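Notes follow the structure.
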Amino acid sequence: MDVKKQRVVVLGLGLSGMEAAKLLQDKGADVTVRDNAAGDAKVAARAEALRSCGIGVELGAGIQATTRFDFCVLSPGINPNAPLVQALRQAGLPMFGELEVAYRFCACPIVGITGTNGKTTTTELVDAVLAAGGKRTLACGNIGTAFSTAVRKSEEIDVMVVEVSSFQLEHIVEFRPGISVHLNLTPDHLDRYGSMEEYEVAKWQIFRNQTADDYAVVNANLRLPEMAARKITISASGAAADYQLIDGWLVARGEQVLEQSRTNLIGPHNAENMLAALAVADLYAIPREAAIEALCRYKPLPHRCEKVATIDGVTFINDSKATNIDALEKALQSMQVPAVLIAGGKDKGLDFSSLRGLLREKVKAVVLIGQMTEKLFAAWNSAVPCVRATTLSDAIEQAQKLAQSGEAVLFSPGCSSFDMFKDFEDRGNQFRELVKAKIKST
């Protein structure tokens, strides 16, 4: 991609937008970044950093569309239906996502990983098994390190393992992973997509440019489009697949490989994450023992069914990463003792009534917080007692009173965090600190 002397506008000053702007400037483009969040301290700091590098930055809601640019780059968080985006599109400006732009400068093969849940865990697992087999790898994308940052090192590594969201896939043109992984698809982001079908089509983009020389590692339960890539299936639900969970064992094409109980990951959803990593390891001919050792050594990331503390016999679990129905469902299924659930957050247009049966089975009470409080109360109170809390601290206090020794307080919101917190990490960190403060006070 030759961008020398090209005039480029990048929309959005999140991490991906910032790093895309820096990459394009390094490649010789004349870059301007636009963001309407003029009052945000983090955006202001990033704007100052870019200006010091000679990159133009325009902040504020009054920014107008213009045709003085050669093309536009959309950060993943920018809604393609936003008025400014629509105005630029109507002006005929070519548009690319940050994922597409970074791909144009990537010099090594790519494993692209998507799905509603489990993307980050699987990205780290794939990175771990490949590294255990001697591959020089780098995990990036939606996992934390922007793809636009990682591609600067792509000539020095063997495989780029990229976590890819549906938002990032919306504006690809040539992006083509040699191995794609599609873990699952459950309701999410319906505040952005008009229907599950729209969300599904966005996820399918990961297969769009693959050829018969490529591979697609996919959940056997997914509805999939016609694809050119060679398909490899995974399943922990009993469905026939190339890689399966059978009687507690990870099984590869009929061969028992590893008992899940030997790993630090629980639940069938994590079994599928490991099966996907094992499938990628086999495609790269990673020695089986090296892959097994990497899977056994891996520890789950924070905010994913993370045990924080036990106070008076009650275990407090931080599952702040649960930002949708499916993630909450998986957390509930993994509970081995009665739980008091703390749930709620930003309304993303999801219907939680389907969880009533599982709540009756796993939960003795629910404490509700955030924007979704009343909707969740209406959906669940007939199945399990629900109470309302005004803050996270209040929710923890109420949950602790409801839980008895030998039980758990499960913080698995099932909703995104942006109504009360910066992000799910901030939400989980606050939960952790509030619980630890209780230990000090006892």
Hey, could you check region 117-158 for residues that are part of a helix (DSSP H, G or I) and among the β-branched types (Val, Ile, Thr) and say which is surrounded by the fewest Cβ atoms within 10 Å (Cβ to Cβ)?
THR149
If I ask for residues that are in a strand (DSSP E or B) and either aliphatic (A, V, I, L, M) or under 19 Å from ALA331 (Cα atoms) (or both), which ones from region 373-388 would you list?
CYS386, VAL387
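In region 389-442, which residues are outside any strand (DSSP E or B) and hydroxyl-bearing (Ser, Thr, Tyr)?
Looking only at region 389-442, we keep the residues that are outside any strand (DSSP E or B), and these are 389-407, 412-415, 417-442.
If the condition is that a residue be outside any strand (DSSP E or B) and hydroxyl-bearing (Ser, Thr, Tyr), then THR390, THR391, SER393, SER405, SER412, SER417, SER441, THR442 are the ones that fit.
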Suppose the filter is out of contact with any strand residue (DSSP E or B) (no Cβ under 7 Å at 6 or more places or on another chain) and aromatic (Phe, Trp, Tyr); does TYR243 pass it?
no
Failed item, numbered, when ALA277 is tested on (1) over 22 Å from GLY414 (Cα atoms); (2) assigned by TED's automatic domain parsing to the domain that holds PHE424; (3) small (Gly, Ala, Ser)
(2)
Condition first: without any contact (Cβ under 8 Å) to a residue 12 or more places away in the chain and on the phi > 0 side of the Ramachandran plot. Can you find one or more residues in region 182-196 that meet it?
no
Can you confirm whether LYS375 is modelled with pLDDT of 95 or more and either on the phi > 0 side of the Ramachandran plot or not acidic (Asp, Glu) (or both)?
yes
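For region 222-300, which strands (runs of 3 or more DSSP E) that fit wholly inside it have 3 or more residues that are closer than 22 Å to ASP326 by Cα?
Correct list: 230-235, 243-246.
Under the condition of being over 16 Å from GLN400 (Cβ atoms) and in contact with a Leu (Cβ under 7 Å, 6 or more places away or on another chain), which residue from region 367-387 is surrounded by the most Cβ atoms within 10 Å (Cβ to Cβ)?
Keep residues of region 367-387 that are over 16 Å from GLN400 (Cβ atoms), which gives 370-384, 386.
Of the ones still in play, those that are also in contact with a Leu (Cβ under 7 Å, 6 or more places away or on another chain) are 376-377, 380, 383-384, 386.
Numbers: LEU376: 26, PHE377: 16, TRP380: 22, ALA383: 17, VAL384: 19, CYS386: 22.
Of everything passing the filter in region 367-387, LEU376 is surrounded by the most Cβ atoms within 10 Å (Cβ to Cβ).
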Listed by first then second residue, the pairs whose first member lies in region 34-46 and is β-branched (Val, Ile, Thr), whose partner is at pLDDT 80 or above, with beta carbons under 6 Å and at least 6 positions apart or on separate chains, are VAL43/LEU13; VAL43/ASP35
Counting only residues that are touching a residue at least 40 places away in the same chain (Cβ under 8 Å), surrounded by fewer than 21 Cβ atoms within 10 Å (Cβ to Cβ) and not in a helix (DSSP H, G or I), how many does region 1-31 have?
5
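The values are calculated or read from the model by the stated rules, or taken from the named source; none is laboratory data. What you are looking at is a predicted structure, and each value in this text was computed from that prediction instead of being measured. As a convention, Cβ positions derive from the backbone with ideal geometry for all residues, glycine included, and neighbour counts pool all protein chains shown.
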